[in-house]
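The values are calculated or read from the model by the stated rules, or taken from the named source; none is laboratory data. Every value quoted in this text rests on a predicted model; they were computed, and no experiment measured them. For neighbour counting, all protein chains shown are included, and Cβ atoms are generated from backbone atoms with ideal geometry for every residue, glycine included.
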């Protein structure tokens with residue numbers, strides 16, 4: 001079974017500064033996907049970024065980037081130029097890579113979440 | 001945004017009463033999921049469906065049942081609600097990687113259920 005651990009329950013950052021959220025995971029799988037989801041106070045789950053484990057290059061999406069360390073099973077999220085709208089709960093999540101049509105896929109395993117507060 | 005609608009959005013119910021939450025999709029995705037969100041636990045999978053009338057248990061299935069009689073609808077039932085089932089419930093959908101879909105899931109807006 002896979003587990004995802006987010007060791008920072010809460011973090012805060014000043015507007016325009018950079019912050020890094022940590023995530024570690026445990027799996028025996030070799031191919032998988034890792035995600036960061038954002039949940040603002042509206043409760044909506046928003047996909048921030050996705051990393052494919054078989055790709056060595058770290059994923060980036062505008063101000064969001066990840067540091068993926070497969071051997072260490074570490075997957076951190078860096079937010080640059082933090083904005084007030086980045087205030088939210090952030091979840092790290094794991095998904096197996098499934099190519100067999102008989103597999104019932106895309107089940108996500110989530111970490112406990114990190115509350116990020118951006119201060120003006 | 002993916003077409004996923006959860007109903008109701010909020011519900012307060014009494015211990016011991018049955019409760020049904022509904023998830024409706026307009027995307028014709030094969031897979032549907034029910035998760036619950038609790039502080040300190042993130043989201044945990046309750047049940048999922050891989051087709052009409054095909055369902056299976058997730059990590060925290062005790063006390064819950066599901067049904068899927070149509071592709072677009074996935075119902076979650078608490079047969080006899082308990083205070084430990086007070087939570088926020090999310091429905092999600094996906095197409096599945098094995099059938100050419102992307103490795104991603106789309107979430108509904110969530111249902112806040114309070115059992116008193």
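Quick look at the values:
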{"quantity": "Extreme residue, farthest from the chain's Cα centre (by Cα), among residues of region B:6-26 that are surrounded by 15 or more Cβ atoms within 10 Å (Cβ to Cβ) and touching a residue at least 60 places away in the same chain (Cβ under 8 Å)", "calculated": "B:13"}
{"quantity": "Condition check for residue B:66: surrounded by fewer than 15 Cβ atoms within 10 Å (Cβ to Cβ), at pLDDT 95 or above and in a strand (DSSP E or B)", "calculated": "no"}
{"quantity": "Residue list for region B:16-63, filter: within 11 Å of chain A (Cβ to nearest Cβ) and in a loop (DSSP other than H, G, I, E, B)", "calculated": "B:29, B:30, B:39, B:40, B:41, B:58, B:59"}
{"quantity": "Listing of strands (runs of 3 or more DSSP E) fully contained in region A:31-104 that carry 3 or more residues being within 14 Å of chain B (Cβ to nearest Cβ) and buried (at least 18 other Cβ atoms within 10 Å of the Cβ)", "calculated": "A:32-39, A:46-52, A:88-96"}
{"quantity": "Boolean, residue A:54 is out of contact with any strand residue (DSSP E or B) (no Cβ under 7 Å at 6 or more places or on another chain) and touching a residue at least 12 places away in the same chain (Cβ under 8 Å)", "calculated": "yes"}
{"quantity": "Count of residues meeting criterion [in contact (Cβ under 8 Å) with a residue 40 or more places away in the chain, away from every other protein chain (no Cβ under 13 Å) and over 14 Å from the mean Cα position of the chain (by Cα)] in region B:72-116", "calculated": "8"}
